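S.K.: Take a look at the following structure, please.
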Amino acid sequence: MLNDLGFSLAITAPIFCILGFGILFKRIGWISDEFAKIGSELVFRVTLPCLLFVKLVETDFRHDLPYKLVAYAVLATVVVFLIIDRFIADRLQNSFDRGAFVQGAFRGNMGIIGLAFCISAFGDQIVAAASIYLAVLTILFNILAVITLTRHQNISTDKGTYVRIFSSIIKNPLILSILAGVVISLSGYRVPEFFLTTGGYFARMTLPLALLCAGATIRLQEFHGSKALYWSSAGKLIFVPLLMTVGGVLVGLRGEQLGILYLMCAAPTAAASYPMTQAMGGNHHLAAAIIASTSLGSIIFTTLGIFLLRSFLLI
């Protein structure tokens, strides 16, 4: 049991320590809002795409692609989304909260926290499978977020808003870098070594910078108690990972693939849910509070989840 607990803490503790330093550095003035904003943009547009590309071009995609994992994750995500959106959200009295509630409950920060969990648990060899999962589920998350925010919003949204949102999905640097890495790997083209080395330097910046900036952007002042906040946070931290993981076990996922599924599901609510909720007229204050509460709550629940999976010899 102690070995399993040690394994769990070895995965989550470094991640949350760096997040904690981000919160601390912001409070004492070592990191400003502008630094966090620019750093997050740098991660999203440069360093994280470099990390994914460098790892993927060196991967042999002719074998061991995670077809079963991704197919199950897509189907299970849609089912969980429909349950939350169609049966639970409508029970909230304030319809203004519903879109943010649903998005907060199912949409995880896979690109930064989820990927960091996976690498911390299984090493760099997991990047290829995790990247394929990330690319497919990122597209799905964005589409489902648009659906729920459109369905529950109180403010009319013009056609231009939808065009901008779907254009941002298509132009997402993470998706483009994953597609480029997979295509080049399948083509057999050998990328020049100096290019990979340069990309590797950027890649090594990714997780520390991303986690520091993520910590610095957690706004505790946005936290305000409400039924929607508590239930959405509980959904993201407990119910969604539990349902997705139990389903994964039942369909036969084990080891690294089950680990990817759980760790991606257990990641706190994605920071991107805030600007999308704001752009589409939803309760962006609730969205910010869900991001903050799940980021802090996942310290406990993710560690507990890994401990249980390890104890039952499932990962």
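S.K.: Residue check, Gly255 against (1) buried (at least 16 other Cβ atoms within 10 Å of the Cβ); (2) small (Gly, Ala, Ser); (3) in contact (Cβ under 8 Å) with a residue 24 or more places away in the chain, all met but one. Which one?
M.R.: Among (1) buried (at least 16 other Cβ atoms within 10 Å of the Cβ); (2) small (Gly, Ala, Ser); (3) in contact (Cβ under 8 Å) with a residue 24 or more places away in the chain, the lone unmet condition for Gly255 is (1).
S.K.: Right, something else. On the given criteria, is Ala266 crowded, with 24+ Cβ neighbours inside 10 Å, hydrophobic (A, V, I, L, M, F, W, C) and either modelled with pLDDT under 95 or within 22 Å of Ala10 (Cβ to Cβ) (or both)?
M.R.: Here the answer is yes, as Ala266 does meet what is asked.
S.K.: Something else now. Return yes when Val79 is without any contact (Cβ under 8 Å) to a residue 12 or more places away in the chain and either over 16 Å from Met264 (Cα atoms) or under 16 Å from the mean Cα position of the chain (by Cα) (or both) and no when it is not.
M.R.: yes
S.K.: If I go through the stretch 14-32 residue by residue, how many of them are more than 11 Å from Leu212 (Cα to Cα) and surrounded by 14 or more Cβ atoms within 10 Å (Cβ to Cβ)?
M.R.: Final tally of qualifying residues: 1.
S.K.: Looking at Thr277 and the list (1) buried (at least 24 other Cβ atoms within 10 Å of the Cβ); (2) at pLDDT 85 or above, which single condition is not satisfied?
M.R.: Only one criterion is unmet by Thr277, namely (2).
S.K.: Now, a different point. Looking only at the stretch 184-195, decide whether some residue is more than 18 Å from the chain's Cα centre (by Cα) and either within 18 Å of Ile113 (Cα to Cα) or crowded, with 23+ Cβ neighbours inside 10 Å (or both).
M.R.: Among the residues of the stretch 184-195, not one is more than 18 Å from the chain's Cα centre (by Cα) and either within 18 Å of Ile113 (Cα to Cα) or crowded, with 23+ Cβ neighbours inside 10 Å (or both), which makes the answer no.
S.K.: Next up: Kindly provide the set of residues from the stretch 268-315 that are within 18 Å of Ala105 (Cβ to Cβ) and aromatic (Phe, Trp, Tyr), ordered by number.
M.R.: Passing the criteria: Tyr274, Phe301.
S.K.: Let me ask something else. Restricting attention to the stretch 293-313, does a residue exist that is over 26 Å from Gly215 (Cβ atoms), aromatic (Phe, Trp, Tyr) and over 18 Å from the mean Cα position of the chain (by Cα)?
M.R.: Yes; the residues of the stretch 293-313 include at least one that is over 26 Å from Gly215 (Cβ atoms), aromatic (Phe, Trp, Tyr) and over 18 Å from the mean Cα position of the chain (by Cα).
S.K.: Oh, and also: Among the residues of the stretch 294-304, are any in contact with a strand residue (DSSP E or B) (Cβ under 8 Å, 6 or more places away or on another chain), within 16 Å of Ile11 (Cα to Cα) and not aromatic (Phe, Trp, Tyr)?
M.R.: Among the residues of the stretch 294-304, at least one is in contact with a strand residue (DSSP E or B) (Cβ under 8 Å, 6 or more places away or on another chain), within 16 Å of Ile11 (Cα to Cα) and not aromatic (Phe, Trp, Tyr), which makes the answer yes.
S.K.: So which residues in the stretch 90-130 are more than 24 Å from Pro275 (Cα to Cα), touching a residue at least 12 places away in the same chain (Cβ under 8 Å) and small (Gly, Ala, Ser)?
M.R.: Hits for the stretch 90-130 are Ser120, Ala121, Ala128, Ala129, Ala130.
S.K.: Please specify each residue of the stretch 33-49 satisfying the condition of being surrounded by 23 or more Cβ atoms within 10 Å (Cβ to Cβ) and not β-branched (Val, Ile, Thr).
M.R.: Leu48, Pro49
S.K.: Something else about it: Could we say that Gly114 is closer than 28 Å to Pro208 by Cα and either at pLDDT 90 or above or among the β-branched types (Val, Ile, Thr) (or both) here?
M.R.: yes
S.K.: While we're on this one: Can you tell which of Leu286, Leu261, Leu313, Leu304 is modelled with pLDDT of 85 or more and either of a type in the set (D, E, K, R) or out of contact with any helix residue (DSSP H, G or I) (no Cβ under 9 Å at 6 or more places or on another chain) (or both)?
M.R.: Leu313
S.K.: State whether the residues of the stretch 224-232 include one that is at positive phi and either at pLDDT below 95 or touching a Ser or Thr at 6+ places or on another chain (Cβ under 9 Å) (or both).
M.R.: no
The values are calculated or read from the model by the stated rules, or taken from the named source; none is laboratory data. Everything quoted here is computed from the prediction, not taken from an experiment. FYI the Cβ positions are ideal-geometry reconstructions off the backbone, even for glycines, and counts take in every protein chain you see.
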